[in-house]
Amino acid sequence: MKNSWFAILVVLFFVSCQKNEEQVLDTRSFYMGVTPWPADFTAAEVDTSYAFINNHCDIVSHHFDDGIPYEEAFNNLPMPTSLQNDVQYRKTKTALNKKILLSVSALNLTRKEKADYYPQSTVSTNIKDAWDALPFDNANVITAYVNYVSWLVDSFHPNYVNFGVESNSALFDPTEFLKYKSFLAQGYSQLKTKYPSLPFFISFIVDESTQGYSNASQLLPYTDYIGLSAYPYVVVSSSANGDTNPALFPSNFFNKFISMSNKPLVFAETSYIAEDLNVPSFNINKQGTENWQNDYLNLVCNLCNQHRAKFLIWFCSKDYDAANATLEAQGQYQDLFKLWQDTGLKDQNGHHRPAFNSWIYWMSKPKKE
């Protein structure tokens, strides 16, 4: 009789374990969201981008990468009107129940130089030039940046703040990087003192360069999370011949960065091409397919669950061919903008890609810490 009861208990134990395992598989640890970057700069397409956020995300990434209003921030003056309007518009369009990631870049788009002056500021050219000439580690530059980030924090009341977008470029001049490192160290200390309960982190460009990894490792004391910024189709060694199949990634492509610290993981931004990418000026010619994009999305979602990531941000919900055409017509287009054009979960016509369906599948999983 005892043996019978023992056998029953063993069966019940394994059934319970199986149910617990299934429960883990049927949940996700991470919030899922995108930026509001639209398919074109029209009211209809902006509405479409926010509709995706409000209907299919539980976090939004409000990303500020247009330069810094140094003079206004340093002197605690009113921010440029266009910036105030941008902030208010974002807040109005975003549903109140969404978590918020605030991302602010202290670098320009080269990711190896100090951010330019906010272009729509009305301060004089002389004032802009004077700020542009100051180095990263100038005390006034640090104060201006901390004040600017603080103004954005007080405006959005975010849940997370990336205060150093893509900070580890392998192309950084070593002397300039040391100044930037000092800038981030002082900024982090001041922001954490001012907002002690708010997570502040730095995002790292994921690539296979020794210098990029070294730069990231030097910044670990100034970040609460391991923040990844990943667009592997451009940089991964397995795509050197143009084949961007994620199944060919080196085994340690992500784990090298994830394992550099036991701090929580976040994907601050990522996406993947669903169409071929050809940018002659950058010597880039890559093959992209919807299936490979879908494989990549599932790869990073599984990685997030495996490492109990806090959140995952996909860059844009819909391809922005039209937006690039608009920028070109206005004389504001750069070839750099082409790199992410065809990474939407929907194509330029709004057709759902396989990755869109995978996104909905992952979103349907209950969020569990």
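Counting only heavy atoms of the protein chains, get the accessible area per residue of the chain (1.4 Å probe) and round it to a whole Å² value.
45
When only C-alpha pairs under 8 Å and at least 6 residues apart count, what is the relative contact order of the range 265-369, in percent?
Reported relative contact order: 33 percent.
Strictly over 22 Å apart at the Cα level, which of Lys179/Lys256; Lys181/Lys310; Lys286/Lys346; Lys286/Lys338 would you flag in this model?
Check vs 22 Å cut-off fails for Lys179/Lys256; Lys181/Lys310.
How large is ³J(HN,Hα) for each residue in the range 57-72, as worked out from phi by the Karplus curve 6.51 cos²θ - 1.76 cosθ + 1.60 (θ = phi - 60°), to whole Hz, x for Gly and Pro?
9, 10, 8, 10, 9, 8, 10, 10, 9, 10, x, 10, x, 4, 4, 4
Going by Cα centres, the range 306-368 and the range 214-283 are how many Å apart?
So the two Cα centres are separated by 17 Å.
Quick one: which residues, 5 or more positions from Leu228 or on another chain, have an amide H under 5 Å from its amide H? H modelled 1.01 Å from N in the peptide plane, none for Pro or chain starts.
The list, which skips near neighbours in sequence, is Phe204, Val266, Phe267, Ala268, Glu269.
Using only Cα atoms and rounding to the nearest 10 degrees, what angle (0 to 90) does helix 81-93 make with the longest principal axis of the chain?
Roughly 20 degrees between the two axes.
Would you please give the residues with an amide H less than 5 Å from that of Ile284, counting only those at least 5 places away or on a separate chain, with H modeled from the backbone geometry?
For Ile284, the qualifying residues are Val279.
Name the long-range amide H neighbours of Ser209: under 5 Å, sequence gap of 5 or more, or other chain; modelled H, no Pro or chain starts.
Residues meeting the amide H criterion: none.
Hey, got the dipole for the range 121-276? About the Cα centre, +1 on K and R Cβ, -1 on D and E Cβ, debye to the nearest 20?
I would put it at about 640 debye.
Considering only protein heavy atoms and a 1.4 Å probe, what is the carbon-and-sulfur percentage of the accessible area of the chain?
53
What is the Rg over Rh value, at two decimals, for the range 275-369, using alpha-carbon atoms and the Kirkwood definition of Rh?
1.04
Which one, Ala323, Trp151, Val279, projects farthest toward the positive side of the charge dipole computed for the chain from Cβ point charges (K/R +1, D/E -1)?
Of the listed residues, the answer is Trp151.
Charges on Cβ only, +1 for Lys and Arg, -1 for Asp and Glu, centred on the Cα centroid of the range 11-168; of Val34, Pro135, Pro80, which one is farthest towards the dipole's positive end?
Val34
Would you mind classifying the chain by shape? Square roots of the alpha carbon gyration tensor eigenvalues, ordered a ≥ b ≥ c; an a/c under 1.5 is rounded, otherwise it is prolate if a/b is larger than b/c and oblate if not.
It is prolate, given that a/c is not under 1.5 and a/b is the larger ratio.
Roughly how tilted is helix 290-306, in degrees to the nearest 10 and between 0 and 90, from the longest Cα axis of the chain?
Orientation of helix 290-306: about 80 degrees from the principal axis.
Under the definition of Cα pairs under 8 Å and six or more residues apart, what whole-number percent is the relative contact order of the chain?
19
The values are calculated or read from the model by the stated rules, or taken from the named source; none is laboratory data. If you're wondering where the values come from, they're calculated on a predicted model, not measured in any experiment. In this analysis, Cβ positions are derived from the backbone assuming ideal geometry, glycine residues included, and neighbour counts consider all displayed protein chains. Only protein heavy atoms, including side chains, enter the accessible area calculation; ligands, DNA and RNA are left aside. Shrake-Rupley method; radii C 1.70, N 1.55, O 1.52, S 1.80 Å.
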